[in-house]
Amino acid sequence: TKNMQIKHFLQFNDFSREEFEYLFERTRWIKQEFKQYRRYWPLEDRTLAMIFDKHSTRTRLSFEAGMHQLGGAAIYLSTRDTQLGRGEPVEDAARVISRMVDIVMIRTHEHDIVRRFAAHSRVPVINGLTDEYHPCQIIGDIFTFIEHHGSITGKTVAWIGDSNNVCNTWLQAAEVFDFNVHVSTPRGYEVEPERAGLYGTSHYEEFADPHEAVKGADLVTTDVWTSMGFEAETEERKRDFADFRVDAEMMSHTRKDALFMHCLPAHRGEEVAAEVIDGPQSVVWDEAENRLHTQKALIEYLLLGRLDNA
Ligand code: CP
Ligand code: NVA
């Protein structure tokens, strides 16, 4: 069918390493043009629909501003005030929305919702975060790592805290780019390999002690203890995660030049100490900014395919 030819970005490993290398090359150019205030409008008359079933600052802003900067338009749709929130089937919404716009981004709960939407969409669909994955975040994160430290291949990333959507996506990225992830979670919050979309991977190792996990790391990263949708567990998680705060003492076990990343929003004094997120190893603001540039390259690629570098 027609749908099978459309390229979507639903999980990190939907793209090959070569495709990411191309995206990074485009990102560098797009970022440079943007910084020089040069107009680049390849997507005039194109429209992005953004469906949000969860809160967002960075994802909404970067997609909306990014689409505008490429000469197109973006429409924000919340499940709170569309028929999606009143039980209209995802398949019907996909058929209708994809007849009116050129590309769709969705942030929702179960990954299956995004998969079903994409299966009935006439246009490319981007995962803007599900309970299981956050692929756009990790494109920005790896681009940021490369800007600071060069290739990530062969490096070690330490993931401390909850084995959530962002962690699962790092694990997929480790397969694609051939680097190692040291994961340290409290007992009961370990990686679920099937949920992470991982089958027989050799690219990650689990550590009971976070201090062991960060030894020799080139990058330490963490995320909120309670992700969106899990708010009922907040107090229990605060107790269970108390030993998994990334602080200066923990960072002292990494490589000297190790970076710190956090997808944000952050909770100082919970998953990360202020001294770390506001300290010299932290690249969280570059990381947030690069969501904009990498996603512009992603949208350009999904809509226009490969271009010769301008
Ligand atoms: N990191 C991230 O996706 O942030 P938002 O939830 O603000 O979009
Ligand atoms: N793991 C977090 C990421 C937010 C960007 C969440 O799902 O809430």
Checklist entry - Mean shadow of the chain, computed from the convex hull of its alpha carbons, in nm²? => result 15.9 nm²
Item to check | Options 108, 22, 140, ranked by Cα towards positive dipole end of the chain, top entry (Cβ charges) | outcome: 22
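What fraction, in whole percent, of alpha-carbon pairs in the stretch 136-287 exceed 24 Å separation?
On the way: 2690 of 11476 pairs.
Roughly 23 percent, rounded to a whole number.
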Item to check | Nearby lysines by direct alpha-carbon distance to residue 7 (threshold 28 angstrom, same-chain neighbours under 8 apart not counted) | outcome: 31, 54, 296
Item to check | Residues residue 268 and residue 215, FRET efficiency given R0 of 22 Å [Cβ-Cβ distance, rounded to 0.05] | outcome: 0.35
Checklist outcome for this item: Taking every other residue with Cβ under 9 Å from the Cβ of residue 213 and scoring Lys and Arg +1, Asp and Glu -1, one gets -3
Item to check | Förster-model FRET efficiency, 35 Å R0, residue 122 and residue 201, C-beta, rounded to 0.05 | outcome: 0.55
Checklist outcome for this item: Gyration tensor (Cα only) of the stretch 86-193 to equivalent ellipsoid, semi-axes in Å sorted down, yields 31, 18, 9
Next on the checklist: Can you find, among 217, 118, 288, the residue sitting farthest towards the positive end of the charge dipole of the chain, where Lys and Arg contribute +1 and Asp and Glu -1 at Cβ?
Outcome noted: 118
Checklist entry - With the calculation restricted to Cα positions, what are the radius of gyration and Dmax of the stretch 209-310 in angstrom? => result 17.0, 53
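Using the Cα gyration tensor of the stretch 29-138, with a ≥ b ≥ c the square roots of its eigenvalues, what is the shape: rounded (a/c below 1.5), prolate (a/b larger than b/c) or oblate (neither)?
prolate
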Next on the checklist: Take residue 57 and residue 81, extend 7 Å from each Cα along the Cα→Cβ direction, and tell me the distance between the two endpoints in nm.
Outcome noted: 2.2 nm
Item to check | Three principal axis lengths of the stretch 12-81 [C-alpha, angstrom, descending] | outcome: 38, 31, 22
Checklist outcome for this item: Given Cβ charges of +1 for Lys and Arg and -1 for Asp and Glu, the option among 8, 164, 264 whose Cα lies farthest towards the positive end of the dipole of the chain is 8
Item to check | Extension gain, residue 33 back to residue 257 (0.36 nm per residue minus Cα-Cα distance, nm) | outcome: 77.7 nm
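Laboratory data are not the source of any read-out in this text; all were calculated from the coordinates shown. Here the structure is a predicted model, which is why all the values come from computation and not from measurement. All Cβ positions, even for glycine, are placed from backbone atoms using ideal geometry, and neighbour counts span all protein chains on display.
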